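Visitor: Input: one structure, supplied below.
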Amino acid sequence: MDQKDIKFRCHGVQVYYGDTHAIKDVDVDIEDKTVTAFIGPSGCGKSTFLRCLNRMNDTIASCRVEGDIRLDDEDIYHRDVDPVQLRAKVGMVFQKPNPFPKSIYDNVAYGPKIHGLAKNKAGLDEIVEKSLRRAALWDEVKDRLDTPGTGLSGGQQQRLCIARAVATEPEVLLMDEPCSALDPIATAQVEELIDELKQRFSVVIVTHSMQQAARVSQKTAFFHLGNLVEYDDTNSIFTNPQDPRTESYITGRIG
Amino acid sequence: MTNASLNTGGEAPKRSLRAQDALTKRRNAAERRFKAYGMAAIAVGLFFLAVLAVSIVRSGAPAFTRTVVEVELTVSPADIDAAESQLFKTKAYQDLFVAALDRQLTNNGVEVAFDPKAIERLLGKVGSTMREFYQANPAKVGKPVKFELAAASRVDRYLNGELTRDAIQDSRFMMKTDLDLVDVMVDTGVMKSSFNWTFITGADSGVDNPGGAGIGASVVGSFFMMLVVLVLSLPIGVAASIYLEEFAPQNRFTDLIEVNISNLAAVPSIVFGILGLAVFIQFMHLPQSAPLVGGLVLTLMTLPTIIISTRASLKAVPPSIRDAALGVGASKMQSVFHHVLPLAMPGILTGTIIGLAQALGETAPLLLIGMVGFVARGYPDGVVSGFVDPNSAMPAQIYTWAARADASFYEKAWGGIIVLLAFLLTMNIIAIILRRRFERRW
């Protein structure tokens, strides 16, 4: 694991919502081509921290981020950084499947279109097919690409959202509880998908399910009350937690 | 264990599901009552709607028909020369008409003696109408021409029973004996009722000629005004709402703007009228009575309505759609224009159509900027003059007619309301079709 590059280097990150101090002094290094899981009880700040990584928190007026977050050694909160460019590099999949109310094709093609990734229609078709294949959705929808994305089942919608996110060729994929609205079978499909995605991307996943973290991730970070309590290899966290709070959480005594 | 203890304590009597207890009965009765209230409210609403529709149609329908006298006659070149050589030329033409009418009645087997002056009273200035016709169409001289002349409004009212023979006082407008001629002409089919195209296509007439009054010119005025309102208020309103809803920081200043916009929607329209008079006409020296100015004033009035409804429909778009767009790297503007705005479009169109409908029916501000009914004397020559030439609008025209003394104008006012409602309905149907197209689910 040590030979892998560090994708995100976060140092002394503080997040405030108005007067509430939501993230307290978090240091974390996220590796490339690795699945990193953020676990912790509700309201511990793991989603907030995730949204710092692609500056989605900018859309919340009362939110203030301090500290140093570097993507490939570039400060993403630097004055000159355009959050739109950042978000093209750092894709995001949300908790609730949120396909655009457009056709399946348009859902996937939207990102490549606005970023000018395809030169012509054929190139766009290729990107759409590739992305849908990566999201393990191609075989199910290839005959009805022009039907609305909102007409798919919940699991298919979430995979469509993953296809949409990978279509822009991001370097990092952020997933905010991507399986919490899905049934176990759809969850298994998405987890399998995450495992494949880590060949190409660095994946950061927020999850409530410790089993899921154990299944899909190589590194796990445990957040509690806005603090990063423990960050280590997933195996170590679940078999040999260093902090008593981590132990309590993974054994089900708090949270 | 717990079951047993519960049963021994209460010994609740077993009740059938099919027997309703008192609480259920009360609840069901309340529900039935509430349904009945709703149905009663709808019935009352439908009743009043029906009363309105029936009374509008009954009062307005006569405006769409008029009584005409149809006489066929041939004027030879000799007749023309003879007439033109006389001192009272139109009198000579009128004599030709009277002779032709007399011939036509005789052919139908009726002998009636009538005062040639009665023709003037019943049909207006027949002579000058004929003279103008032959001067404009010299080719028609010597050929049979069918003249269709509108009868005076008193004839209309006599024929539909509003005016009785006893109620007529002999005057220069009508003599009791004229009615004998009317009866004869009706019996022989010379005088008949026909569809009043003049009302649809014509312009306003003088107070002494209700038969010639039409609403066409003011329909055109209203049309140009609505164009101005639509072209200005929709983009400005939508742009303002998008800025306020999606881009503006939330602070005291934007709060103040928001409160003021809401209040503007409730400002009486006459205030906008006097504002328009002061700003557009007295300060900016735009032409008076012009649909352009009317449109500008109504735009001011419509903007708050459009802004409020647009903001509401932008708010109703789920935030997850914005997140999704931002998440794939769309800029704020792209997320708004590609995703949020299309979803908000049905609501925006609803607000726009409410605003436009309000503007279409507005009278008071138009009166203040001079778009009163009697300026609608003719059609504009082209698109530019459609905007800047003096014209009226339908509601102002209706108001003008309703205020005139002659009772014939009263039915014109009702007829004008029918045309106004038809215009409004057309506008709404177009909007509904557009809205259907934009409607999508998420």
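Bear in mind these aren't lab numbers, they're just calculated from the coordinates by the rules spelled out. Treat the numbers as computed from the prediction; the structure is a model and nothing was measured. As a convention, Cβ positions derive from the backbone with ideal geometry for all residues, glycine included, and neighbour counts pool all protein chains shown.
Visitor: Please work out how much length the chain gains when fully extended from A:E129 to A:D243, using 0.36 nm per residue of separation minus the C-alpha to C-alpha distance, in nm with one decimal.
Guide: Using 0.36 nm per residue and subtracting the Cα-Cα distance, I get 36.5 nm.
Visitor: Next question. State the Cα centre-to-centre distance between the range A:79-98 and the range B:138-166 in whole Å.
Guide: Distance between centres, Cα-based: 79 Å.
Visitor: Would you please give the residues with an amide H less than 5 Å from that of A:H224, counting only those at least 5 places away or on a separate chain, with H modeled from the backbone geometry?
Guide: Counting only residues 5 or more places away or on other chains, the set is A:V229.
Visitor: Using per-residue counts of other Cβ atoms within 10 Å, averaged over each peptide, order B:19-25, B:196-202 from highest down.
Guide: B:196-202, B:19-25
Visitor: Can you give me the distance in nm between label points at A:D183 and B:T164, each placed 7 Å from the Cα along the Cα-to-Cβ direction?
Guide: 8.3 nm
Visitor: Next question. Shape of the range B:99-205 from its Cα gyration tensor (a ≥ b ≥ c, root eigenvalues): rounded if a/c is under 1.5, otherwise prolate when a/b > b/c, or oblate?
Guide: Note, shape of the range B:99-205 comes out oblate.
Visitor: Please identify which residues in the range B:56-81 have an amide N closer than 16 Å to a label point set 7 Å out from the Cα of B:V112, following the Cα→Cβ vector.
Guide: Only B:67-72 pass the distance filter.
Visitor: Starting at the first residue of the range B:241-258, write each ³J(HN,Hα) from the Karplus equation 6.51 cos²θ - 1.76 cosθ + 1.60 with θ = phi - 60°, in whole Hz, x for Gly and Pro.
Guide: 5, 4, 4, 5, 7, 10, 10, 5, x, 7, 9, 4, 5, 5, 4, 4, 4, 4
Visitor: List the trypsin sites (Lys or Arg not before Pro) within the range B:67-158 that DSSP assigns to loop and that have no more than 16 neighbouring Cβ atoms inside 10 Å.
Guide: B:K125
Visitor: Testing the spin-label approximation: label points 7 Å from Cα along Cα→Cβ at B:S76 and B:L227. State their distance in nm.
Guide: Going by the 7 Å Cα→Cβ label model, 5.2 nm.
Visitor: Students often get this wrong: which residues of the range B:376-391 have the backbone nitrogen under 20 Å from the point 7 angstrom along Cα-to-C-beta of B:T426?
Guide: Correct set: B:376-388, B:391.
Visitor: Relative contact order, percent, of chain A when contacts are C-alpha pairs under 8 Å separated by at least 6 residues?
Guide: Relative contact order, chain A: 27 percent.
Visitor: Let me ask you something else. Hey, what do the phi angles of the range B:129-144 turn into as Karplus ³J(HN,Hα) couplings, whole Hz, using 6.51/-1.76/1.60 and θ = phi - 60°, x for Gly and Pro?
Guide: Listing the rounded values in order: 4, 5, 4, 4, 4, 6, 5, 7, 10, x, 5, 7, 5, x, 10, x Hz.
Visitor: Each residue of the range A:63-73 in turn: what ³J(HN,Hα) in whole Hz from Karplus with 6.51, -1.76, 1.60 and θ = phi - 60°, glycine and Pro shown as x?
Guide: Couplings: 8, 10, 10, 10, x, 10, 10, 10, 9, 6, 6 Hz.
Visitor: Placing one identical point scatterer on every Cα of the protein assembly as shown and ignoring solvent, what is log10 I(q)/I(0) from the Debye formula at q = 0.05, 0.06, 0.11 Å⁻¹?
Guide: After summing over all Cα pairs, the log10 values are -0.49, -0.63, -1.14.
Visitor: So what is the calculated 222 nm ellipticity per residue for chain B, using -39500 (n - 2.57) for each DSSP H run with n of 4 or more, over all residues, to the nearest 500 deg cm²/dmol?
Guide: -20000 deg cm²/dmol
Visitor: Could you please state, rounded to a whole Å, how far the C-alpha centre of the range A:205-255 is from the C-alpha centre of the range A:24-39?
Guide: One Cα centre to the other: 12 Å.
Visitor: Of B:L343, B:L275, B:L49, which is the most mobile in a GNM of chain B whose springs link Cα atoms less than 10 angstrom apart?
Guide: Most flexible of the set in this elastic network: B:L49.
Visitor: Also, I was wondering about something else. If you build the Cα gyration tensor of chain B and take the root of 5 times each eigenvalue, what three semi-axes come out, in whole angstrom, biggest first?
Guide: 62, 34, 19
Visitor: Taking chain A as a Gaussian network, where each spring joins two C-alpha atoms under 10 Å apart, which residue of A:V35, A:V190, A:V141 fluctuates the most?
Guide: Taking springs between Cα atoms under 10 Å, the residue moving most is A:V141.
Visitor: With n ≥ 4 as the cut-off for DSSP H runs, can you work out [θ] at 222 nm for chain A, using -39500 (n - 2.57) per run divided by the number of residues, rounded to the nearest 500?
Guide: -10000 deg cm²/dmol, from helical runs alone.
Visitor: Moving on. Ranking request for peptides A:209-216, B:262-269: highest mean number of other beta-carbon atoms within 10 Å first, then the rest in descending order.
Guide: Ranked from most to least packed, the peptides come out as A:209-216, B:262-269.
Visitor: Relative contact order of chain B: what whole-number percent is it, with Cα pairs under 8 angstrom and at least 6 residues apart?
Guide: This gives 18 percent for chain B.
Visitor: Whose amide H sits under 5 Å from the amide H of A:D29, counting only residues 5 or more places off or on another chain, with H placed in the peptide plane?
Guide: A:C10
Visitor: Note the full-extension length gain between B:L434 and B:E84 as 0.36 nm times their separation in residues minus their Cα-Cα distance, in nm to one decimal.
Guide: Full extension of this stretch gives 120.0 nm more.
Visitor: Okay, next question. Taking H as built 1.01 Å from N, whose amide H comes closer than 5 Å to the amide H of A:S103, not counting residues under 5 places away?
Guide: Hits under the 5 Å cutoff: A:G149.
Visitor: Alpha carbons only, please: Rg and Dmax for chain A, in angstrom.
Guide: Using the Cα atoms of chain A, the pair Rg, Dmax is 18.1, 57 Å.
Visitor: Now for a different question. Select from the range B:18-106 those chymotrypsin sites (Phe, Trp or Tyr not before Pro) which occupy a DSSP coil region and have at most 12 other Cβ atoms within 10 Å, ordered by residue number.
Guide: B:F88
Visitor: Now, a different point. Looking at the range A:17-119, which trypsin sites (Lys or Arg not before Pro) are in a loop (DSSP not H, G, I, E or B) and have at most 13 other Cβ atoms within 10 Å?
Guide: When the trypsin sites (Lys or Arg not before Pro) of the range A:17-119 are filtered for loop state and at most 13 Cβ neighbours within 10 Å, A:R79, A:K119 remain.
Visitor: Largest first and to the nearest Å, give the Cα extent of the range B:106-147 along each principal axis.
Guide: Between the extreme Cα coordinates on each principal axis of the range B:106-147 lie 33, 24, 10 Å.
Visitor: Based on the alpha carbons, how large is the Rg to Rh ratio for the range B:216-438 when Rh follows Kirkwood?
Guide: 1.05
Visitor: Give me the distance between the Cα centres of the range B:248-264 and the range B:371-406, rounded to whole Å.
Guide: Answer, in whole Å: 38.
Visitor: Moving on. Name the most mobile residue of B:D178, B:D389, B:D381, meaning the one with the largest mean-square fluctuation, in a Gaussian network model of chain B with Cα contacts below 10 Å.
Guide: Looking only at B:D178, B:D389, B:D381, the largest GNM fluctuation is found for B:D381.
Visitor: Remind me, relative contact order of the range B:200-277 in percent, using alpha carbon pairs under 8 angstrom and six or more residues apart?
Guide: Worked out over the range B:200-277, it gives 15 percent.
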